[in-house]
Amino acid sequence: MAKKHKFKAEIRQLLDILVHSLYTNREIFIRELISNSSDALDKLRFEQLRGGAFTKPEVPLEILIHTDEEARRLVIEDTGVGMTAKEVKDNIGTIARSGTSAFLGQVTKEQAKAAKADDKESRESHEDSVMENIIGKFGVGFYSVFMVAEEVVLTTRSYKPDSAAVRWRSDGLGTYEIEELDPKEESGEEGGGDAPPARGTRIEIRLKEENKEYASRWRVEQAIKTHSNFISFPIKLDGQQVNTTPALWREPKFKITPERYAEFFKFLTFDEKPPFETLHISVDTPVQFNALLFIPESGLDLQTLRREVPGIDLYSRRVLIQRGTKDLLPEYLGFVRGVVDSEDLPLNISRETLQENLVLNKIGQSLTDKLLSRLETIAKNDPARYDEFFKAQGQVFRLGYSDFRNRERYAKLLRFNSSHCDDEKGLVSLTEYKERAKEGQKAIYFVAGQSRAAAALNPHTEIFRRKGLEVLYLYDPLEEFALESLGKFDDFELLSVEKVDAASLESFESRDDAESPPAQPALSEEDTSRFNALLEKMKAILDDRVTEVRVSERLSTSPACLASPDGTMSSSMQKILRIVNQETSPPKRVLEVNRDHPLLRGLLKLYQHDPEDRHLKEVVEQLFESSLLLEGYLEDPHAMVARIQSLLERATEWQVEALPK
Ligand code: ADP
């Protein structure tokens, strides 16, 4: 007896989206079902090679597809591992695949946006691109069949000996039925269908009227050729094999055109753009393997990588051992896609112990080596193209500071924005920086900031501009991690501008065209000692919020800045650590002031008149908080806004008083 069940809420929601979506590229359900079949066949082949017992070993491993235009029917069948009743219950209808909630969240958001479009056509095209993107990223698997199906009947028999066949049936509208077929009554009269498969899974689809095209042979053939041509099992459409492709990575390189590589890449990644770079590798010693690797043009960001490294498909003698293997390449090459096939990997390797496998480690090292070499070649022969790569994949690539074996090569492959380039044009390498460094320069300087403007506004960079010293601009916090962790590049130290002692830059001459400090007469001896007293007063006002107040050698146009005492971290590193440790108090720093700035000269006069002057106190507070603000540390702007208000009031009052009477 068939039992009726309700789909899990999350799946009902997913089905609802799929059934009602305006998405036009519906043929991808064929790709999804064939891909499930191929997985089931991969699993069976794996079992076969491990020598386990299974049902009907004489039945060949293949995918069989039948079309019936008149009946509006499409059948996709495989002779793979099939499913037991429990597996059907668990896999179809109950468990939502990983990524489903992310998928749902995104679709609902994007659909709401699409719904705002005025006319149906633009709604459709908007939704198309949204769904394309989302389905491409998450894949919706089996359920995608309900974009086109009125009813789906899935009949399956597990490869495990003596398994009963199971039938699952649904119209995708909220419920499904499941029944275990009695082996004695399996002849097929019941249900009006054929006998259940001897092993594997058959999916019978009754198509909706508006989707009847998928019961037409040529239409299905076209979809298979577009999306499933590289499936490694025969796909027979109405008795005729339609896919032809053997394992491309095992074919001799000279026989493969760029178009076929691109086609394979698309098959593997669903990425519409051709790969940025293709590496077809075959190695015999110390371990044998063939590999076909791609660097995609589309960038992978760190968040996506952290959620799901796409990984490499690992084969042993053409048998898939693991899809999306994450342990083969280091994380910083996580954007690389492709296939690795080795004769030296034991077939019965357990997926759990892959990580510790020595052969795999060797293959991984060799691939890392080859990928780095290829990047080096591109960087050397076509720097602009390398910049393109770096702009797309740099966020992930920067994680390479942890690859101790390849540190030097990694450091040379890094690229940066800097004071000496512009963001649109070329990036700067550490080698290039070094080559054009000033005579006597022993360090590579860098500053962190969210943008070019922010980096350039950082008061710490003023002295570098004045001296014409190049400063790397780091917009991504990871860049600073990378540089801090490298510590050195050849004999050059890597130094945050905040940590540079201005005195150490004295020997570099200032440029004539540099921003000149506002002209101020030199201080008399008496004023100099009074200025020192002012500094003490400032320290007293700020109390333990700063470790010291001192005269700055680095400032030109800014009145003050916060500096890191020697041996401490730069402000952006501290910020990262504060986020990690959930700390809230800002780190204590040195307040440096520009003695030649008109503001400071004014304060000196106020101080001379009355050390307890209220305005003096407010200005010092404000100078400090402005510096905090510039560094992104200001926690509560309320006090600051109130203070600015009072300063403005007073300034306006004075301005009015100074009006000609
Ligand atoms: P995914 O394939 O990404 O896991 P699906 O929703 O497409 O998600 O399928 C869910 C599960 O159902 C699969 O992981 C697999 O265990 C099982 N399954 C689907 N199709 C088949 C099939 N043709 N043969 C055997 N098992 C299948």
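The values are calculated or read from the model by the stated rules, or taken from the named source; none is laboratory data. Remember, it's a predicted structure, so these values are computed and weren't measured experimentally. Here the Cβ positions follow ideal geometry from the backbone for every residue, glycine too, while neighbour counts run over all protein chains shown. Ligands, DNA and RNA are excluded from the accessible area calculation, which covers all protein heavy atoms including side chains. Shrake-Rupley method; radii C 1.70, N 1.55, O 1.52, S 1.80 Å.
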Where residues in the stretch 80-100 are at pLDDT below 70, of a type outside the set (A, V, I, L, M) and open to solvent by 40 Å² or more (accessible area, probe 1.4 Å), which of them is nearest to the ligand (Cβ to nearest atom)? R97
Only one residue in L486, L474, L469 is touching a Lys or Arg at 6+ places or on another chain (Cβ under 9 Å), under 22 Å from L302 (Cα atoms) and modelled with pLDDT of 90 or more, so which one is that? L486
From the options E548, E592, residue that is more than 18 Å from T461 (Cα to Cα), modelled with pLDDT of 90 or more, assigned to a strand (DSSP E or B) and of a type in the set (D, E): E548
If we keep only residues of the stretch 435-458 that are part of a strand (DSSP E or B) and small (G, A, S), then the residue farthest from S510 (Cα to Cα) is A448
Before we move on, is T55 away from the ligand (no atom under 13 Å from the Cβ), farther than 27 Å from A215 by Cα and among the β-branched types (V, I, T)? yes
Filtering the stretch 246-276 for residues that are part of a loop (DSSP other than H, G, I, E, B), in contact with a helix residue (DSSP H, G or I) (Cβ under 8 Å, 6 or more places away or on another chain), within 19 Å of D313 (Cβ to Cβ) and at pLDDT below 90 leaves a count of 2
Looking at the stretch 345-361, can you tell me whether even one residue there is of a type in the set (S, T, N, Q), surrounded by 15 or more Cβ atoms within 10 Å (Cβ to Cβ) and part of a strand (DSSP E or B)? no
If I filter the stretch 415-434 for residues that are outside the structural domain of L302 (by TED's automatic domain parsing), surrounded by fewer than 20 Cβ atoms within 10 Å (Cβ to Cβ), of a type in the set (D, E) and modelled with pLDDT of 90 or more, do I get at least one hit? yes
Matching residues in the stretch 8-40 - criterion: being more than 12 Å from the ligand (Cβ to nearest atom) and aromatic (F, W, Y): Y23
Scanning the stretch 281-318 for residues that are more than 16 Å from V396 (Cα to Cα) and part of a loop (DSSP other than H, G, I, E, B), which turns out least open to solvent (accessible area, probe 1.4 Å)? V287
Considering each of D301, D271, D344, D327 in turn, give the residue that is over 28 Å from F390 (Cα atoms) and of a type in the set (D, E, K, R). D344
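On the given criteria, is V130 at pLDDT below 75 and in the same structural domain as E204 (by TED's automatic domain parsing)?
yes
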Let me spell it out: the conditions are (1) within 16 Å of the ligand (Cβ to nearest atom); (2) surrounded by fewer than 18 Cβ atoms within 10 Å (Cβ to Cβ); (3) modelled with pLDDT under 90, and I135 meets all of them except one. Which number is the exception? (2)
Can you name every residue in the stretch 139-172 that is among the aliphatic types (A, V, I, L, M) and either within 24 Å of V220 (Cβ to Cβ) or in a loop (DSSP other than H, G, I, E, B) (or both)? V140, V145, M147, V148, A149, V152, V153, L154, A164, A165
If I filter the stretch 475-493 down to residues being open to solvent by less than 20 Å² (accessible area, probe 1.4 Å) and more than 23 Å from the chain's Cα centre (by Cα), which single residue comes out as farthest from R511 (Cα to Cα)? F489
Would you confirm whether or not the stretch 38-53 contains a residue that is among the aliphatic types (A, V, I, L, M), open to solvent by 30 Å² or more (accessible area, probe 1.4 Å) and modelled with pLDDT of 95 or more? no
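Residue check: is F270 open to solvent by 70 Å² or more (accessible area, probe 1.4 Å), farther than 15 Å from D341 by Cα and outside the structural domain of Q106 (by TED's automatic domain parsing)?
Judged against the criteria, F270 is a match.
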Matching residues in the stretch 449-474 - criterion: being out of contact with any Phe, Trp or Tyr (no Cβ under 8 Å at 6 or more places or on another chain) and surrounded by 16 or more Cβ atoms within 10 Å (Cβ to Cβ): N458, P459, H460, T461, E462, I463, R465, R466
Applying the selection to the stretch 214-233, what residues are more than 18 Å from S35 (Cα to Cα) and in contact with a strand residue (DSSP E or B) (Cβ under 8 Å, 6 or more places away or on another chain)? A215, S216, R217
